[in-house]
Every structure is written in structure tokens, then in C-alpha cells.
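A.B. asks: One structure coming up, written as C-alpha cells, with questions to follow.
The values are calculated or read from the model by the stated rules, or taken from the named source; none is laboratory data. Note that the coordinates shown come from a computational prediction; the quantities given were computed from them, not determined experimentally. No Cβ is skipped: glycine too gets one built from the backbone with ideal geometry, and neighbour counts run over all protein chains shown.
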Amino acid sequence: MNLRPPSRPAASRPSRPTTQPPAIVNALTIDVEDYFHVSAFESVSALDTWDGRELRVEANTRKILSMLAEQGVTATFFVLGWVAERCPGLVKEIEAGGHEIASHGYGHRRVYTQTREEFREDVRRAKVLLEDLGGQQVLGYRAPSYSISALTLWAFDELLEAGYVYDSSVFPIRHDLYGLPDWPRFPFRVERLEGGNWVPAEGGDVGQRGGEAARRPNPDLLPNAPAAQPPSAHEPPRLLEIPITTLRLAGRNFPIAGGGYFRLFPYRLTRWGLRRINRTDRRPFVFYLHPWEIDPKQPRICGAGLKSRFRHYVNLDRTEARLRRLLTEFAFASMRDVVSCPERPSREAGDLARARTEGRPARLLRDFSF
Ligand SMILES: [Zn+2]
């Protein structure tokens, strides 16, 4: 984990003290899928054509793994089951690098295009596969294209029953393909009401609301808690939701923390927005990227619409350098570490202890205790 001040060329170093990195450790997440899996291409890249396409996810993910190793950063890799099946060695390499393995489902189908039974099969198949290959419990799930919507909240039932502990599929923005714009911006407990509906419950937006009750340590939200503390008959079923972080400006949420937005926006704008979340909201952010986003030489998918092609191909040649820079200017760790997990590998615990003695306390536990 890199908690040192960024080393930047003298010529580009501003004189103001704003170059100091935020003390907060943020969550770095990689959705491990290939260029032909993306939802925007699904009409021209059906599942039965995938095996005929050039597989580039392995090399691109390895490149990210080596970048992270250079910086001493761990991350959460939401691996697609389809990829894990074809690249079992890659899952083992992710595990060997000290990273968290989480699930991106099996077949990269958006939740609202599946029946509940199909979704159940998809998330269970991926979890079993990843746990067999990675040798670690898979705690987290992220839906393809953040596709848990108001119409598919039953997905939380299925995730809970499949043994997932947290979900990271909620993107609280307005968007043509996804989004639950009114849901909290920071980790919260999502709870099932008696009628079967799932709602954000106590704990959301701690940084927004403040208050002692919201900050009270709540160990049953920790990733390894459910086995030790099963909910009583009187408590409603619940999952931890870790949404994709948004930037709050003028009463609206804006996307800022990864993917196409990271490629589209100038790097300085992304950095300004992310720093604002660390400094103004005083919260870690959840950043996400896909291995194909650092691969400008990927084969082009024919037949996709103009908007989809723009979203997919814009600035692919700039993203690797931007990611390298981001890794030097912010502190990152995996989701399970940022959310606080007692099973955190000892070397990372050591990093956190060192950060504290350096006077820039890693805010992991405090910020996600609610
Ligand atoms: Zn995806």
C-alpha cells in the first residue's frame, strides 16, 4: 500500500500544499472481463461467439497486477466466471498477489434481462468456481453494468442466499442503462422489509448525516461476521451495499470514480473530484476499472452503435498512464480491507500500522464503522 507523498516531476509540482495525498485509503476494484463481454455490445457479441474471439483479458489483467505489485497496492478483482473458467491460472495469480477475489457473475448478463432463477444459477456458479480456483471465500458481488435496479431488488435475496456478504452494484446516478439515483452514496446496510422489498437501512451516508448513532461501531457489518453472528429471528435479512462512489455537487450525484468517466474526463478533473470526496465528504471512494480499458490495441467490435463505440473506445490509449498516476496520488486497498475485515493479511495490517505512526491515520475502520 502506498501511503507516501506522490513523487512527481519538480516542474509539475504546485507550490501549494494540495499535493499532500489524502490520508484516506480508498477501495480499488477491477472488473475482470474482456472487451467483448461489455453490455453495450451484447447485441453484436453474443455469448456463443465469445469463444471465437481473441482473449486479451489475461494479458491485460497481468499488466494491472504488475502495476499494483510495483506500488504495493492490493485491490478487489470482481472476476467473471466465464473468464475464470478459461483462465484458471489468472485467478490463482490474483490470489497469490494478496488481492481479494470477488464475483462479477458468470455470463455477464444484466440482472434485469434474467429471470430470478437464471440470476440465481449465474451468481452461484460464479461463486463456487472462484472459490475453488482462488482458495478464498468470495464475499462480494458486482452486477454487470450495475444492473440491480428498482425492478430487480430480489437480486439481494439471491445474493444473500448464495452466501455473498456484500454487493457493489448500486450506482446512485441517473443513467440510461443503470442507476438507483436516490440511494445512499456511501456503504450502507440494505434490509428486507416484511413485504419483501429491499430498502437502504441504517448506516447509509454516514459522512453526509453525521451523528453518533451512525458512527457507532457495528461489527455485524464486517465481512466475516455472518457465520459468527447469524441474524436472529427478529432481525430482517440484510446485506452490506458498497455503492460506486459519486461526486455530490449542487444537490446532484455525478459519476467520477472510474471506467468510461476516468477515460473521458481530463485526469485533473478526476483527481479534483476524488480529492473532494476524501476531503469534503471525509470518506474513502470506490474506484473501478476494467482490464480492457488499458488496451488500445483490442480488436474492434463491428456493428455497435455510435454511442456505445464512443463510450468503449474513448481514450483507451491514455488510461494506463492515468492509472499509474492515480496509484501514486491516492492510497488504495481492496474492498474487504477498506470495509474492515479482521482476516486482513498481516502485511497489510503492518502497512496500516505504519501509516498511523507516520501521522496520517488510515481511516479504514473508523470511516466504515457505522
Ligand atoms: Zn462487467
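A.B. asks: Being in a loop (DSSP other than H, G, I, E, B), within 16 Å of the ligand (Cβ to nearest atom) and at pLDDT below 95, is that true of even one residue in region 113-128?
C.D. replies: Within region 113-128, one or more residues are in a loop (DSSP other than H, G, I, E, B), within 16 Å of the ligand (Cβ to nearest atom) and at pLDDT below 95.
A.B. asks: Within 16 Å of the ligand (Cβ to nearest atom) and not charged (D, E, K, R) - does that describe any residue in region 179-201?
C.D. replies: Scanning region 179-201 turns up at least one residue that is within 16 Å of the ligand (Cβ to nearest atom) and not charged (D, E, K, R).
A.B. asks: So which residues in region 70-84 are over 18 Å from ARG336 (Cα atoms) and more than 16 Å from the ligand (Cβ to nearest atom), if there are any at all? Don't jump to the end; show me each part of the working.
C.D. replies: The first filter runs over region 70-84 and keeps only residues over 18 Å from ARG336 (Cα atoms), leaving 70-71, 80-84.
Those that are over 18 Å from ARG336 (Cα atoms) and more than 16 Å from the ligand (Cβ to nearest atom): GLU70, GLN71.
A.B. asks: Follow-up question, since we're still on this one. Given the conditions (1) buried (at least 18 other Cβ atoms within 10 Å of the Cβ); (2) modelled with pLDDT under 95, report the number of the one that LEU289 does not fulfil.
C.D. replies: That leaves (2) as the condition not met.
A.B. asks: With the structure loaded, tell me whether PHE310 is more than 25 Å from PHE332 (Cα to Cα) and hydrophobic (A, V, I, L, M, F, W, C) or whether it fails that test.
C.D. replies: yes
A.B. asks: Kindly provide the set of residues from region 272-306 that are assigned to a helix (DSSP H, G or I) and in contact (Cβ under 8 Å) with a residue 40 or more places away in the chain, ordered by number.
C.D. replies: Scanning region 272-306 gives LEU274, ARG275, ASN278, ARG279, ASP281, PRO291, TRP292, ILE294.
A.B. asks: LEU247 passes all but one of (1) within 20 Å of the chain's Cα centre (by Cα); (2) assigned to a helix (DSSP H, G or I); (3) closer than 24 Å to ASP176 by Cβ; which number fails?
C.D. replies: For LEU247, the exception is condition (2).
A.B. asks: With respect to ILE148, determine if the residue is of a type in the set (A, V, I, L, M, F, W, C), part of a loop (DSSP other than H, G, I, E, B) and more than 16 Å from the ligand (Cβ to nearest atom).
C.D. replies: On the way: of a type in the set (A, V, I, L, M, F, W, C): yes; part of a loop (DSSP other than H, G, I, E, B): yes; more than 16 Å from the ligand (Cβ to nearest atom): no.
Judged against the criteria, ILE148 is not a match.
A.B. asks: Filter region 29-55 down to the residues that are closer than 24 Å to GLY273 by Cβ and either away from the ligand (no atom under 16 Å from the Cβ) or over 18 Å from the mean Cα position of the chain (by Cα) (or both) and list them by number.
C.D. replies: ALA40
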